[in-house]
1. Once Cα extents along the principal axes in Å is worked out from the coordinates, which option in [x] 51, 42, 26; [y] 45, 37, 31; [z] 51, 43, 29 does it equal?
2. Within 10 Å of each candidate Cβ there may be at most 14 other Cβ atoms; applying that plus a DSSP loop requirement, which GluC sites (Glu not before Pro) in the stretch 65-124 survive?
3. Excluding the sites themselves, what is the longest stretch of the chain that contains no chymotrypsin sites (Phe, Trp or Tyr not before Pro) in a DSSP loop with at most 15 other C-beta atoms within 10 Å?
4. Rounded, prolate or oblate: pick one for the stretch 8-59, where a ≥ b ≥ c are the square roots of the eigenvalues of its C-alpha gyration tensor, a/c under 1.5 means rounded, and failing that, prolate if a/b is larger than b/c, else oblate.
5. With springs connecting C-alpha atoms under 10 Å apart, model the chain as a Gaussian network and identify which of 128, 85, 116 has the largest mean-square fluctuation.
6. At what distance in nm do the modelled label points of residue 9 and residue 96 sit from each other, each positioned 7 Å from its Cα along Cα→Cβ?
7. If you wrap a convex hull around the C-alpha atoms of the stretch 58-149 and split its volume per residue, what is the figure in Å³?
8. Does the stretch 83-129 come out rounded, prolate or oblate by the C-alpha gyration tensor, with a ≥ b ≥ c the root eigenvalues, rounded set by a/c under 1.5 and, if not, prolate when a/b is larger than b/c and oblate if not?
Amino acid sequence: GGSLRGVDIVPDELEDGELYWGQYIGKEYAVKAFQWARQYGNADDALYLNDYGLESNPTKRKAFIEYAQYIDATNGATIVDGLGTQMHVQIENISKQQVDDMFKELAATGKLIRVTELDVAIGASAPTDDQYARQAEVYQMIVDSYKEFVPQSKQAGITLWGPVSYTP
């Protein structure tokens with residue numbers, strides 16, 4: 001919904017060993033994480049902010065982009081090199097418009113764009129040939145949208161999570 005999990009949203013009761021950095025550091029916890037990654041990591045590492053559900057939740061997507069911009073602004077210079085999206089979608093609840101809108105908005109940031117996890121669930125324990133065909137169409141639609149709306153110089157890749165078939 002656009003709120004930061006671990007900062008704005010924290011469970012009332014935490015499990016043993018469960019910790020939300022945002023409770024202690026605040027919204028700047030990601031700024032620190034990026035600064036430390038840049039300081040102690042390899043100089044040529046590309047640093048990404050990554051989340052799931054960006055294709056289906058425009059409010060979350062807007063907040064995600066704003067948070068990446070906040071991290072850069074608070075750092076005083078660009079430190080978020082790219083944006084990653086985890087796309088765990090189902091054949092019956094994803095549209096071309098949703099995917100196109102997401103890639104357009106992510107690409108408009110000028111950052112590298114990466115699909116860090118992609119799987120298209122069929123939602124059946126014994127899929128039919130038609131369902132497999134629809135799954136293939138959705139995979140193709142996502143790849144085509146990525147290639148159309150993300151400039152080639154900003155295309156950082158698509159990682160397949162694996163073809164998935166399961167009963168919801």
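1. Identified label for the calculated read-out: [z].
2. 92
3. Excluding the exposed sites themselves, the longest stretch runs over 1-160.
4. Taking the square roots of the gyration eigenvalues as a ≥ b ≥ c, the stretch 8-59 is oblate.
5. With Cα springs under 10 Å in the chain, the top fluctuation among 128, 85, 116 is at 128.
6. Label at residue 9, label at residue 96, 3.1 nm between them.
7. Residue-normalised Cα hull volume stands at 90 Å³.
8. prolate
Any read-out appearing in this document is the output of simple, stated calculations on the displayed coordinates, not a laboratory observation. For clarity, every value in this text was computed on a predicted model and none was experimentally measured. Cβ: placed from backbone, ideal geometry, glycine included. Neighbour counts: every protein chain shown.
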